[in-house]
Amino acid sequence: MITSLYDEGISPNTFRVVEAESKLAIAHHMLEHPQQWGYFLGRSFSEEFESEAVTPEQLLDRIGRTHVDGDSVAQLRISEVTVQSLSEVNTTPSFKSGAMFSDFG
């Protein structure tokens, strides 16, 4: 799941669920097709985004450093998700890489 959000949270315009082999594969696609990702990239990087200036690994690092800055800059994240059946749903947080302190209340 890829999210690009301000402090208002998630809305239908601020997330996409895609199937990919890895976060790195998504970053590679973002660099190869910046026009498709322009809305998210433009909102998350205050400077002009130059896709040819970074590697997929560098892009993932830059994405990891984005943050919510009121209404001027959005936080961009690529998160792995696991599809569950309704009978398997459990909303109790568990520690995963990238988890935030607020995830645990």
*Out of SER87, THR14, VAL73, whose Cα points farthest toward the positive end of the dipole of region 2-96 (charges: +1 Lys, Arg; -1 Asp, Glu; placed on Cβ)?*
SER87
*Subtracting the Cα-Cα distance from 0.36 nm times the residue separation, let me have the gained length for PHE95 to GLU52 in nm, one decimal.*
12.0 nm
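Stick to the Cα atoms of region 2-96, pair each with every other, and give me the Kirkwood hydrodynamic radius in Å at one decimal.
Over region 2-96, the inverse of the mean reciprocal pair distance is 14.4 Å.
Read the figures in this text as sums done on the coordinates, not as results from a lab. This is a predicted model, so every value here is computed, not measured. Virtual Cβ from ideal backbone geometry, glycine too; neighbours counted across all protein chains shown.
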